[in-house]
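The values are calculated or read from the model by the stated rules, or taken from the named source; none is laboratory data. What you are looking at is a predicted structure, and each value in this text was computed from that prediction instead of being measured. Positions of Cβ are generated from backbone atoms using ideal geometry, with glycine treated the same way; all protein chains shown enter the neighbour counts. In case anyone asks, the SASA skips ligands and DNA or RNA and just uses the protein heavy atoms, side chains included. Shrake-Rupley method; radii C 1.70, N 1.55, O 1.52, S 1.80 Å.
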Amino acid sequence: MQLWNDYEGRTIAEAYPLEKLLRPEGRSAFFSTSNGTGTPAVIRLIEAHFDESEILNRWRVVAEINQINLVHLRKYGQATLDETPLVYAVMEPTEASLAEVLADRPLTPDETRQVATSVVAALEALHSRNLVHEHIEPTNVLAAGEVVKLRSDCIREVPATSDDPQQDAKTLKARDVHDFSLVLLQCLTQQSTMPTGTTLPAPFHDIIRNGTTGVWDLPQIAAALNPTFRPIAPAAPAAERPRPALVTNASSQLASPAKAIAEPVTTTPSKPAQPPTPPIIPGDTKDVRHRLSSQAEPEPQPRKGLWIAAVIGAILLAFLLWHFLSPNTAQSSSAAQPITTLAAATQPETSSAPPAETPTNAAPTPSSTGSRDQWRVVAYTYNHESQAQKKVSTISRRHPSLNPEVFTPNGHAPYLVTVGGPMTRDEANAFKQKARAEGLPRDIYTQNYTTR
């Protein structure tokens, strides 16, 4: 196989010219293209390694999801280029990533809220279909016009890796929530760990603390972003004072690009009323880095604030009476409600996932030599053995604990650079996370080469 930039100017499936290499990513690459009519698009090519059907099935499921905050998959299929089998996906174009914005500056709280509500809506659409993302990071949060979108070509179904599929799904979805919480932390601080002594603006302080430690799941984060879900005593009967309609979930709030900017999900009683943000004019040419724009302030609700104060005062009075009448209650109450500290929010992903998850940094023990399943973690692919051996030497110098080697399933090209040796499926999935943590490409994958 040639270098990816050698394919510029070629055509895929007799319809999609590879105009410019946007970025390589392991055994895949992204090019700008069009559909033959001049409509811009992005095409991803992946060199196939006996997993064509698995990738295409995954893309088929993703293409059927119609959610505004997921990058739309327009078409997908198989092709051959210079005798190299490929799979391709054609996607809507995007203009900038969150990582590019954060390289210049942190986001404001309003901009962070727009990112948060958009990604939550995308994850709700995925998790409700038993799909997981597993690649939630600033480089995969993208801007398309005025809409914040989550990359969709790397989504997959929850695999059945144990006898308890429901626990598998819960563990992987919790990992998505953990990674999403870290993205919000990076939005506000440009750092991946909580700075000492930092208090973040509400509701992000609680979301990040509880999301990274596994205390909150996605619905709880959605409710924190949209406090109108919280039950509050009404200020007047509905017949006397009409109340504005409440959004029912994050995805309905983001039904259009204009709503993503103009309709925030919180209320701020202490601020004066502001006129709504004008609708977005198609063709607006302002810098895409500022399209995570500030949102309009919602209409204040002073009467609701009075009711909240009254309810809090009643609760406080009841608590004081109860406290002095039952001296032992305070001790038992404090013991019954553990408080999660900010230090816990700085733990790495492997320690913050639910207890049932296998630690990702633990080096797996190779499976028994008598096993028929030979799972391997594949990092790179080459058509020439000498190139593969050279890459193995490089990895060995930088990451000797990964135990890289050249492997070929059929005695000839392609020559795969694998890490960790043969192992079981669970061991391979754990070792894949370890390799990613040490800097190997994000698209490394596991493959079963069953012995006959």
Extreme residue, farthest from Ala435 (Cα to Cα), among residues of region 370-383 that are surrounded by 18 or more Cβ atoms within 10 Å (Cβ to Cβ) and among the hydroxyl-bearing types (Ser, Thr, Tyr): Tyr382
Given (1) out of contact with any Phe, Trp or Tyr (no Cβ under 8 Å at 6 or more places or on another chain); (2) within 17 Å of Gln114 (Cα to Cα); (3) assigned to a helix (DSSP H, G or I); (4) not polar (S, T, N, Q), index of the condition Pro201 fails: (3)
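Tell me, which residue of region 1-30 that is in a strand (DSSP E or B) and of a type outside the set (A, V, I, L, M, F, W, C) is most open to solvent (accessible area, probe 1.4 Å)?
Residue satisfying both the conditions and the ranking: Lys20.
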Go through Ala122, Ala144 for me and flag whichever is within 30 Å of Ala48 (Cβ to Cβ), open to solvent by less than 10 Å² (accessible area, probe 1.4 Å) and not β-branched (Val, Ile, Thr). Ala122
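Within region 31-43, is there a residue that is of a type in the set (S, T, N, Q), within 16 Å of Pro85 (Cβ to Cβ), in a loop (DSSP other than H, G, I, E, B) and open to solvent by 70 Å² or more (accessible area, probe 1.4 Å)?
Restricting attention to region 31-43, the residues satisfying the condition of being of a type in the set (S, T, N, Q) are 32-35, 37, 39.
With the extra rule that they be within 16 Å of Pro85 (Cβ to Cβ), the set shrinks to none.
So far as region 31-43 goes, no, none of its residues is of a type in the set (S, T, N, Q), within 16 Å of Pro85 (Cβ to Cβ), in a loop (DSSP other than H, G, I, E, B) and open to solvent by 70 Å² or more (accessible area, probe 1.4 Å).
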What is the number of the single condition among (1) open to solvent by less than 60 Å² (accessible area, probe 1.4 Å); (2) in contact (Cβ under 8 Å) with a residue 12 or more places away in the chain that Lys75 does not meet? (1)
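Considering each residue of region 384-395, count those that are farther than 18 Å from Lys432 by Cβ and touching a Pro at 6+ places or on another chain (Cβ under 7 Å), and give that number. So that I can check it myself, show each step before the final result.
First, the residues of region 384-395 that are farther than 18 Å from Lys432 by Cβ: 384-390, 393-394.
Still in the running and touching a Pro at 6+ places or on another chain (Cβ under 7 Å): none.
Going through region 384-395 one residue at a time, the tally reaches 0.
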Filter region 78-118 down to residues that are among the hydroxyl-bearing types (Ser, Thr, Tyr) and open to solvent by 20 Å² or more (accessible area, probe 1.4 Å) and give me whichever is modelled with the highest pLDDT. Thr108
Could you check region 409-436 and list, in sequence order, the residues that are modelled with pLDDT of 85 or more, closer than 24 Å to Thr84 by Cα and open to solvent by 40 Å² or more (accessible area, probe 1.4 Å)? none
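Do you know which of the residues in region 69-84 that are in a strand (DSSP E or B) and out of contact with any Phe, Trp or Tyr (no Cβ under 9 Å at 6 or more places or on another chain) is farthest from Ala41 (Cα to Cα)?
First, the residues of region 69-84 that are in a strand (DSSP E or B): 70, 73-81, 84.
Right, trim to out of contact with any Phe, Trp or Tyr (no Cβ under 9 Å at 6 or more places or on another chain) and you get 70, 74, 80, 84.
Numbers: Leu70: 15, Arg74: 9, Thr80: 20, Thr84: 23 Å.
Among those that are in a strand (DSSP E or B) and out of contact with any Phe, Trp or Tyr (no Cβ under 9 Å at 6 or more places or on another chain), it is Thr84.
The rows are residues; the columns are (1) modelled with pLDDT of 95 or more; (2) open to solvent by less than 20 Å² (accessible area, probe 1.4 Å).
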residue	(1), (2)
Asp163	no, no
Leu184	yes, yes
Arg241	no, no
Ser251	no, no
Leu254	no, yes
